[in-house]
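Enquirer: The structure's right below; bear with me while I get my questions together.
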Amino acid sequence: MKSATLFLSALVMSLFMLAFAPVKTVESDTIANLAANTDDLSTLVMALEVAGLVETLNGEGPFTVFAPTNAAFDKLPEGTLESLLKPENKDQLTSILAYHVVSGKVESGSLENGMTATTVEGSDIQIMIGDDVKINDATVIQADIAASNGVVHLIDTVIMPPKKQTSADF
């Protein structure tokens, strides 16, 4: 009976570990290559290609990327992604993607509740730590995925930069 219980415990733990298995990475992979080799980041990769940012995320870095999963992109209002992928909206897409990137390598152990970080886009994101870690309204679902030029944290929501005021807004 005890061996059956141990076997079932091991089986449940193995299934749990498979369900939440880390993204397959090779330490020498750049952030762009890591994303390209991760099925759950295929929408992000497509957006990076359209925006012309793949070469940047293959660069020296270091970068921290809060990478929205395919499910995060699926949560966008209907037609939003398709619209952003149009050539005439490349600047807006680039701005949104740049809002998911911070210069430097920021691992989860260095995060503090309430801290802010300035993104490559130029606006700040806010980090909240409670039962889970939030980047603005997005929840980090997997942290500290190492790449040769930085670190990736998977998030469950596409975060949007704040609307910039223009002189027309006054």
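The values are calculated or read from the model by the stated rules, or taken from the named source; none is laboratory data. Source: prediction; values computed, not measured. Glycine also receives a Cβ, built like all others from the backbone with ideal geometry; neighbour counts cover every protein chain displayed. Keep in mind that these areas ignore ligands, DNA and RNA; they rest on the heavy atoms of the full protein, side chains included. Shrake-Rupley method; radii C 1.70, N 1.55, O 1.52, S 1.80 Å.
Enquirer: With all protein chains present, how much of the accessible area of the range 47-170 (probe radius 1.4 Å) comes from carbon and sulfur, to the nearest whole percent?
Expert: 50
Enquirer: With a 1.4 Å probe and all protein chains left in place, how much accessible area per residue does the range 101-168 have, in Å²?
Expert: I get 52 Å² per residue for this part.
Enquirer: Which entries in Lys86/Lys134; Lys90/Lys163; Lys105/Lys163 show an alpha-carbon gap greater than 21 Å?
Expert: From Lys86/Lys134; Lys90/Lys163; Lys105/Lys163, over 21 Å: Lys86/Lys134; Lys105/Lys163.
Enquirer: Find out how many positive minus negative residues lie around Thr139, taking Lys and Arg as positive, Asp and Glu as negative, among other residues whose Cβ is under 13 Å from that of Thr139.
Expert: Local charge sum for Thr139: -2.
Enquirer: Given a 1.4 angstrom probe, what's the average accessible area per residue across the range 27-87, in square angstrom?
Expert: With all protein chains present, the range 27-87 gives 50 Å² per residue.
Enquirer: Tell me the label-point distance for the pair Asp91, Asp132, using the 7 Å Cα-to-Cβ offset, in nm and rounded to one decimal.
Expert: Result: 3.5 nm between the two label points.
Enquirer: Sticking with this one: Where does the charge balance sit around Val158 when Lys and Arg score +1, Asp and Glu -1, over other residues with C-beta under 12 Å from its C-beta?
Expert: Net local charge, Val158 excluded: -2.
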